[in-house]
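Enquirer: Attaching a single structure in structure tokens format; questions to follow.
The values are calculated or read from the model by the stated rules, or taken from the named source; none is laboratory data. As the structure is a prediction and not an experimental result, all values here were calculated from the model. Neighbour counts are summed over all protein chains in view; Cβ atoms, including those assigned to glycine, are modelled from backbone coordinates with ideal geometry. Just so you know, the surface numbers come from the protein's heavy atoms only, side chains and all, with ligands and any DNA or RNA stripped out. Shrake-Rupley method; radii C 1.70, N 1.55, O 1.52, S 1.80 Å.
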Amino acid sequence: IFGSITTGASNDLQRATDLADKMVTSYGMSDTLGPLAYQKQQSQFLGGMEMARNVSPATSEAIDQEIKTIVETAHEKALAILKANRHLLETISEKLLETEVIEGDSLTELLAQVQPAS
């Protein structure tokens, strides 16, 4: 939107992927795989720790696909929300460039204007 590319999203992507992994493998939150836990197991190998799932290749592929679907769906929803609130995004950006910080009542007032994605 603002014509610049940053690496700031890399941590967000890692955290989103980790959360989706836990949703699928630990919390049983997958329509495809059902309410089962596929937690990773730790093992020591040549003095280091290694994480591995004890599942079939087909199940591992299904887990990977489910994680990808969750993250991509969330990404699409986030983009839709940003597009629906483009004017507000620009307003907040301009205020941040002027003041560097938005907090308290000003922040609450701006966030109250957020529209859901259509």
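Enquirer: How about segment 96-107: which of its residues are open to solvent by 90 Å² or more (accessible area, probe 1.4 Å) and assigned to a helix (DSSP H, G or I)?
Expert: Correct list: Leu97, Glu98, Asp105.
Enquirer: If you check Ala74 against the conditions, is it part of a helix (DSSP H, G or I), out of contact with any Leu (no Cβ under 6 Å at 6 or more places or on another chain) and either surrounded by 11 or more Cβ atoms within 10 Å (Cβ to Cβ) or at pLDDT 95 or above (or both)?
Expert: When the stated conditions are applied, Ala74 passes them.
Enquirer: Now, a different point. If I ask for residues that are under 23 Å from the mean Cα position of the chain (by Cα) and of a type in the set (A, V, I, L, M), which ones from segment 74-106 would you list?
Expert: Within segment 74-106, Ala74, Ala78, Leu79, Ala80, Ile81, Leu82, Ala84, Leu88, Leu89, Ile92 meet the criteria.
Enquirer: In segment 77-89, which residue that is open to solvent by less than 70 Å² (accessible area, probe 1.4 Å) and part of a helix (DSSP H, G or I) is nearest to Gln14 (Cα to Cα)?
Expert: Result: Ala78.
Enquirer: Something else about it: Being open to solvent by 80 Å² or more (accessible area, probe 1.4 Å), out of contact with any helix residue (DSSP H, G or I) (no Cβ under 8 Å at 6 or more places or on another chain) and either within 19 Å of Gln65 (Cβ to Cβ) or at pLDDT 70 or above (or both) is the filter here, so list the residues in segment 14-49 that pass it.
Expert: Listed by number, the residues that qualify are Gln14, Arg15, Leu19, Lys22, Tyr27, Asp31, Pro35, Leu36.
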